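Student: First the structure, which I've put down as structure tokens, then a few questions once you've had a look.
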Amino acid sequence: MKTIAVIGAGGKSGQTFVKAALAAGHTVKAGVHRTNPFTPQERLEVYTIDATHPEDIAELLHDCDTVVSLIGHTKGSPKRVQTDAMKVITTEMKKQSIAKVISLTGTGVRFPGDIISLADKMMNWPIALIDPNRIQDGIEHAEVLKDSGLEWSIVRVLKLTNQSPNRFTLTSGGPGKLFVPRAEVACAILDILASSEYSQKAPVISR
């Protein structure tokens, strides 16, 4: 069992992952940005943090084995929140000799060999048009991870939902599953935590 630092734990995906990680027997240090949505329970510590502040990240990562970043763009969030936070996270991971980090982002972050469906193109096109900073931030945060020298993995999804989990697979380049329950993301991350198969890779949640 691992001690996992979860950044962005207060969001919908973060809360779902924390619940799954605790159910799997892991210890979680949950970093939340504003309010604490969690009830007190064993193997869970909650920290109020700003992921771009080195001192906050240093405290959160202390005595952890691995890091999971579920930082997402919300109304009013900085344009480069993923990138700026990941620079701080990877720097502190090296200081504390933590090797493994898993991050969640969208399929708008492309990798060589991706199989891009028409649905993917149609869903990412409006985002690129209306909120290009969101996709660019995902791309740049991926570059930070690729240059970090750490054992990184990036889980990519198309459209997140709160539906019940169903069958899914992790593929090297898709095509991505159209609607992805957050519970499936949690399962995928736990699978990656348990193996080195996706080290330095960016799998896509597919059917």
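Student: For segment 60-104, give the percent of accessible area contributed by carbon and sulfur heavy atoms, probe 1.4 Å, rounded to a whole number. Show your work: numbers first, answer last.
Tutor: Numbers: 1040 of 2020 Å².
Here carbon and sulfur together make up 51 percent of the probe-accessible area.
Student: On the accessible surface of segment 137-207, probed at 1.4 Å, how many percent belong to carbon and sulfur atoms? Show your work: numbers first, answer last.
Tutor: Working: 1520 of 3160 Å².
Here carbon and sulfur together make up 48 percent of the probe-accessible area.
Student: May I ask you to give the solvent-accessible area per residue for the chain, in square angstrom, as obtained with a 1.4 angstrom probe? Walk me through the numbers on the way to the answer.
Tutor: Numbers: 10350 Å² over 207 residues.
I get 50 Å² per residue for this part.
Student: Here is a follow-up. Which order, highest average first, do 144-156, 27-39, 116-128 follow once you tally other Cβ atoms within 10 Å for each residue and take the mean per peptide?
Tutor: On the way: 144-156: 19.7, 27-39: 17.9, 116-128: 14.1.
So the order, starting with the most tightly packed, is 144-156, 27-39, 116-128.
Student: Show the residues, 5+ positions off or on another chain, whose built amide H is closer than 5 Å to the amide H of T161.
Tutor: V180, R182
Student: Right, another one. List the residue ranges in the chain for DSSP H helices whose C-alpha atoms run 18 angstrom or more along the long axis and whose Kyte-Doolittle average is -1.0 or above. Kindly include the intermediate steps, with their values, before the conclusion.
Tutor: Values: long enough: 81-95 (21 Å, -0.39); 118-130 (19 Å, 0.82); 132-146 (21 Å, -0.82).
Span-like helices here: 81-95, 118-130, 132-146.
Student: Here's another thing I want to ask about it. Return the ratio Rg/(2.2 N^0.38 Å) for segment 27-161, where Rg is computed over Cα atoms only.
Tutor: Numbers: Rg = 15.7 Å, N = 135, 2.2 N^0.38 = 14.2 Å.
My calculation over the Cα atoms of segment 27-161 gives 1.10.
Student: Where nothing but the Cβ of Lys and Arg (+1) and of Asp and Glu (-1) is charged, how large is the charge dipole of the chain around its Cα centre, in debye to the nearest 20?
Tutor: That gives a dipole near 680 debye.
Student: Could you work out the pair-distance distribution P(r) of segment 14-91 from its alpha-carbon pairs, with 10 angstrom bin width and percents rounded to whole numbers?
Tutor: P(r) for segment 14-91, in whole percents per bin: 17, 53, 27, 3.
Student: Given the options V180, H141, T91, identify the residue whose Cα lies farthest towards the positive end of the charge dipole of the chain (+1 on Cβ of Lys, Arg; -1 on Cβ of Asp, Glu).
Tutor: Most positive-ward Cα: V180.
Student: With runs of 4+ DSSP H residues as the only contributors, calculate the mean residue ellipticity of the chain at 222 nm using -39,500 (n - 2.57) per run, divided by the residue total and rounded to the nearest 500. Can you show the working numbers first?
Tutor: Values: 6 runs with 75 residues, N = 207.
Result for the chain, helices only: -11500 deg cm²/dmol.
Student: I'd like the GluC sites (Glu not before Pro) in segment 1-100 restricted to DSSP loop residues with at most 16 other Cβ atoms within 10 Å, sorted by number. Don't skip to the end; give the middle numbers.
Tutor: Values: sites: E42, E45, E55, E59, E92; in loops: E42.
When the GluC sites (Glu not before Pro) of segment 1-100 are filtered for loop state and at most 16 Cβ neighbours within 10 Å, E42 remain.
Student: Which whole-number percent gives the relative contact order of segment 1-160, counting Cα pairs below 8 Å spaced six or more residues apart? The partial results should precede the final answer.
Tutor: Working: 266 pairs, mean separation 34.8, N = 160.
That works out to 22 percent.
The values are calculated or read from the model by the stated rules, or taken from the named source; none is laboratory data. Just so we're clear, the structure is a prediction, and the values are computed from it rather than from any experiment. Here Cβ is always computed from backbone atoms with ideal geometry, including for glycine, and neighbour counts include all displayed protein chains. For accessibility, only protein heavy atoms count, side chains too; no ligands or nucleic acids. Shrake-Rupley method; radii C 1.70, N 1.55, O 1.52, S 1.80 Å.
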